[in-house]
Amino acid sequence: MPDDIITSRLVLRLMSKAVVTSCIAGDFAEAERLLGATIPDDLLESSSSLRYNLRQMEKDPLYLPWSARAVILPEEQKMIGLIRFHSSPDPEELHAYARGAVEMGYRIFPAYQRNHYASEAVSALIDWAHHTHGIRYFVASISPANTPSLNLIHRFGFRRVGEAMDETDGIEYIFYLIIWLFEI
């Protein structure tokens, strides 16, 4: 599909409003038909992020390319996770960290964890945002108890810059990454 981000092992496929709406309604048959991949029940565990994603799509017409992407194993045409930006670039809530920043979130379903799929998806999404849209500032909010995610973002060079109370997830540490540009 034209909006796919393709890596060596994964396809990050944009989830249209119709796909997200079908998932929230529990109509996985329709969502799978529209997405072109099977969707495991694990997705229901992140229904709050899908609802948030849908609200963002309805509120901000520029959000769609930044919204949820299914992390798909192409050889199986199976969704193994979800990755997204929380908004289009430069939302007011990120101005304390940087103008033009985007915040990302991701989840790989339990059966597929520990295979470096999250690293590959995060790398591809950062690369897409930077090279396609010129984004240099990235934010991630992670629970202090989520050691695998904390380790992952440290490998990318994110640095802790604060903490916040998330109404859904509780306390989260806020991390920040700058993509440096060097001119020769």
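List of remarks:
- Each part gets one Cα centre, and for the stretch 106-170 versus the stretch 1-69 those centres are 18 Å apart.
- Theoretical ellipticity at 222 nm over the chain - DSSP helices of four or more residues, -39500 (n - 2.57) apiece, nearest 500: -9500 deg cm²/dmol
- Acute angle (nearest 10 degrees) that the helix 47-59 long axis makes with the longest principal axis of the chain, alpha-carbon atoms: 80 degrees
- DSSP loop chymotrypsin sites (Phe, Trp or Tyr not before Pro) with at most 15 other Cβ within 10 Å: longest gap in the chain: 1-179
- Cβ-based exposure ranking for Met15, Met104, in which fewest neighbours within 10 Å come first: Met104, Met15
- With N counted as the residues of the stretch 105-184, its alpha-carbon radius of gyration over 2.2 N^0.38 Å works out to 1.17.
- Sites excluded, GluC sites (Glu not before Pro) in DSSP loops with at most 11 other C-beta within 10 Å, longest stretch of the chain: 77-166
- Selection of trypsin sites (Lys or Arg not before Pro), the stretch 70-103, meeting DSSP coil and at most 16 other Cβ within 10 Å: Arg99
- Assuming charge only on the beta carbon of Lys and Arg (+1) and of Asp and Glu (-1), the dipole of the chain about its Cα centre is about 340 debye to the nearest 20.
- Diagonalising the gyration tensor over the Cα atoms of the stretch 5-178 and scaling each eigenvalue by 5 before taking the square root yields semi-axes of 24, 18, 16 Å, largest first.
- Exposure proxy for Met79, Met165: other Cβ atoms within 10 Å of each Cβ, ordered fewest to most, give Met165, Met79.
- Per-residue Cβ neighbour rank within 10 angstrom, fewest leading, Asp42, Asp166: Asp166, Asp42
- Relative to the longest principal axis of the Cα atoms of the chain, helix 117-133 runs at roughly 70 degrees.
Values quoted throughout were computed directly from the atomic coordinates according to the rules given, and no laboratory measurement underlies them. Because the structure is predicted, anything quoted here is derived from the model rather than measured. We place every Cβ from the backbone using ideal geometry, glycine too, and count neighbours over all the protein chains shown.
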